[in-house]
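Asks: I have a structure here, written as structure tokens, and I will follow up with some questions on it.
The values are calculated or read from the model by the stated rules, or taken from the named source; none is laboratory data. These numbers were taken from a predicted model, which means no experiment stands behind them. Glycine gets a Cβ as well: all are built from the backbone with ideal geometry, and neighbour counts include every protein chain shown. When the accessible area is computed, the model is the full protein with side chains, heavy atoms only, and any ligands, DNA or RNA have been set aside. Shrake-Rupley method; radii C 1.70, N 1.55, O 1.52, S 1.80 Å.
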Amino acid sequence: MHTVQNQSGAEGVNAHAAENVDEIMQKVAEHKGCGTSGGSGKASCGSGAGENDLPPEIWEKVKNHPCYSEEAHHHYARMHVAVAPACNIQCNYCNRKYDCANESRPGVVSEKLTPEMAAKKVLAVASTIPQMTVLGIAGPGDPLANPEKTFKTFELIAKTAPDIKLCVSTNGLTLPDHVERLSQYNIDHVTITINMIDPEVGAKIYPWVYYNKKRYTGVEAAKILTDRQLQGLEMLTERGILSKINSVMIPGINDQHLIEVNKAVKSRGAFLHNIMPLISAPEHGTVFGLTGQRGPTAQELKALQDNCEGEMNMMRHCRQCRADAVGLLGEDRSAEFTTDKIMEMEVNYDLESRKAYQAAVEKERDAVVAAKKAEMESLAGEHSDIKMLIAVATKGGGKVNEHFGHAKEFQVYELSTAGAKFVGHRRVDLYCQGGYGEEDSLATIIRAINDCHAVFVAKIGGCPKNDLKAAGIDPVDQFAGEFIEQSAIAYFKDYLDKVNSGEIEHVERGDAHIRQGALMSAEAA
Ligand code: CLF
Ligand code: SF4
């Protein structure tokens, strides 16, 4: 373990400081196994946790944060402001032409903003999207390599929009130098990208780091980085700041090693672990893209996440957002809020109407949970080892409410006698373009959800329906407009009944592809 710096200075800085790592870890441990309202039916205290699964003060912090709560991500939005251009390390999956790939898919570029413009943008978005509850700074470089711009932005927003939670994502190199300030600004959510704890592994991911005005390379560079990351994590935990660890899964380099990373971050009090797939293609111009380093398949990613889940809470709903993302995690409305458009917007930031809107969201959210709970009763007494995946077309609210042809992603749920559990999403090319079905897109969609037994949609045309059936994927439109988990459980119960009666035979599905192509700004359209 590393020595925690500034420990004595922490007390009195903010209310969280009274708790030490052991007390916080104890609290979290006491709540492990407490609730079984998570979809899986097993104790779920992480991103899938509900109100009864977490200590009240932690629930308060995560309940409307779309990244820290899987349930919240169906209802609440986040936005990023791209105020931090510089970076102090080099990752082999990053091309500096684009946004920081630690929280962003390669191949997209954000419009850089000054803190003042960023503050204006936040008010404009908050006036337009009342369910936007979190402002994150995640690039385009490293926010803490640009501390003045990052903290100035937080300062301006804390003054003008006090109901918005502040969030930051960093590579962690300078984190120990800034934990005190993060605490003073009441920043409750910090993400650190940790891809290794072994410098030999790190040397294959990071060619250099720039630390204390000197450039380090190889194992020496990776050793500095891992020491600083873990030290920063311990300091966050000391102060009761919730930390999320992002790890990029790089097959053959750190895939098995991430199990060790998982244990190391858990033991230091990390709240959530988000293992993301490497997205790598030659056109991204990254070292890994050019050397042909592949990303994981959907099932490789899921197997690693499942493996780590026994150790700690896993996030599976990350969308690897761009540094200027706006909207629900599965959508991107950044094109509506370019600088030109913001300058012309009439900003009317009304705290009361935001609160009223969010109260209505909470009601709908309660209805989703109640419907799922009621449907679970139909599975009581069922015993079966069958597990299956389904893909769902949704545009939010926890409902099956998107047409097959309009879906830009499918959410994936695992069904078993324990219920319906969110396990990921698959980005796809739009099937319906200009009113016509695209056969090429259909083939890529089938590859993306090839491990699923069914696809739930609000509507679907005859052609794609037949092609899906031929690929062994059941197109299901009978739950249009209904809640996802309730519908999924009903479908699974029916499926089990058919298997038990011999009407159908359960067969395992194959693997699926994670989309590797660069995303263009048109994605926001
Ligand atoms: Fe942004 Fe990150 Fe905060 Fe969320 S994103 S800074 S924690 S507000 Fe979220 Fe986007 Fe994944 Fe990040 S889905 S890339 S985990
Ligand atoms: Fe790129 Fe982010 Fe890595 Fe910096 S920390 S090199 S911006 S991916």
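Asks: Would you check which residues across the range 389-401 are under 25 Å from Cys463 (Cβ atoms), outside any strand (DSSP E or B) and open to solvent by less than 30 Å² (accessible area, probe 1.4 Å) and list them?
Replies: Residues satisfying the conditions are Ala393, Thr394, Val400.
For every residue, the table says whether it meets (1) modelled with pLDDT of 95 or more; (2) closer than 24 Å to Glu71 by Cβ; (3) buried (at least 21 other Cβ atoms within 10 Å of the Cβ).
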{"site": "Lys372", "(1), (2), (3)": "no, yes, yes"}
{"site": "Ala380", "(1), (2), (3)": "no, yes, no"}
{"site": "Val412", "(1), (2), (3)": "yes, yes, yes"}
{"site": "Gly424", "(1), (2), (3)": "no, yes, yes"}
{"site": "Gly437", "(1), (2), (3)": "no, no, no"}
{"site": "Cys452", "(1), (2), (3)": "yes, yes, yes"}
{"site": "Val455", "(1), (2), (3)": "yes, yes, yes"}
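Asks: Another question, then. If only one of Thr170, Thr150 is buried (at least 22 other Cβ atoms within 10 Å of the Cβ) and near ligand 1 (Cβ under 10 Å from one of its atoms), which one is it?
Replies: Sole residue among the options that is buried (at least 22 other Cβ atoms within 10 Å of the Cβ) and near ligand 1 (Cβ under 10 Å from one of its atoms): Thr170.
Asks: From the list Asp332, Asp324, which one is over 14 Å from Ile514 (Cβ atoms), surrounded by 23 or more Cβ atoms within 10 Å (Cβ to Cβ) and among the acidic types (Asp, Glu)? Write out each step before concluding.
Replies: On the way: Asp332 fails: surrounded by 23 or more Cβ atoms within 10 Å (Cβ to Cβ).
Matching residue, one of Asp332, Asp324: Asp324.
Asks: In addition: Identify all residues within the range 460-488 that are closer than 22 Å to Ser416 by Cα, among the polar types (S, T, N, Q) and part of a helix (DSSP H, G or I); write none if there are none.
Replies: If the condition is that a residue be closer than 22 Å to Ser416 by Cα, among the polar types (S, T, N, Q) and part of a helix (DSSP H, G or I), then Gln486, Ser487 are the ones that fit.
Asks: What do you reckon, is Asp99 in contact (Cβ under 8 Å) with a residue 60 or more places away in the chain, under 30 Å from Val412 (Cβ atoms) and open to solvent by less than 20 Å² (accessible area, probe 1.4 Å)? Steps first, answer last, please.
Replies: Details: in contact (Cβ under 8 Å) with a residue 60 or more places away in the chain: yes; under 30 Å from Val412 (Cβ atoms): yes; open to solvent by less than 20 Å² (accessible area, probe 1.4 Å): yes.
Spelling it out, Asp99 is indeed in contact (Cβ under 8 Å) with a residue 60 or more places away in the chain, under 30 Å from Val412 (Cβ atoms) and open to solvent by less than 20 Å² (accessible area, probe 1.4 Å).
Asks: Moving to a separate point now. Hey, can you tell me all the residues within the range 99-126 that are modelled with pLDDT under 90 and more than 14 Å from ligand 1 (Cβ to nearest atom)? Give the steps one after another, and end with the answer.
Replies: Step one: list which residues in the range 99-126 are modelled with pLDDT under 90, which gives 99-112.
Result: Gly107, Val109, Glu111, Lys112.
Asks: Okay, moving on. When you scan the range 336-349, how many residues do you find that are open to solvent by 60 Å² or more (accessible area, probe 1.4 Å) and over 27 Å from the mean Cα position of the chain (by Cα)?
Replies: Summing the residues that are open to solvent by 60 Å² or more (accessible area, probe 1.4 Å) and over 27 Å from the mean Cα position of the chain (by Cα) in the range 336-349 gives 6.
Asks: Does Phe479 satisfy being crowded, with 22+ Cβ neighbours inside 10 Å and touching a strand residue (DSSP E or B) at 6+ places or on another chain (Cβ under 9 Å)?
Replies: Judged against the criteria, Phe479 is not a match.
Asks: What tally of residues in the range 133-147 results from selecting those that are farther than 22 Å from Tyr98 by Cα and away from ligand 1 (no atom under 15 Å from the Cβ)?
Replies: Going through the range 133-147 one residue at a time, the tally reaches 0.
Asks: Then there's this: Do you know which of the residues in the range 206-220 that are touching a residue at least 60 places away in the same chain (Cβ under 8 Å) and open to solvent by less than 30 Å² (accessible area, probe 1.4 Å) is farthest from ligand 1 (Cβ to nearest atom)?
Replies: Taking the candidates together, the pick is Val209.
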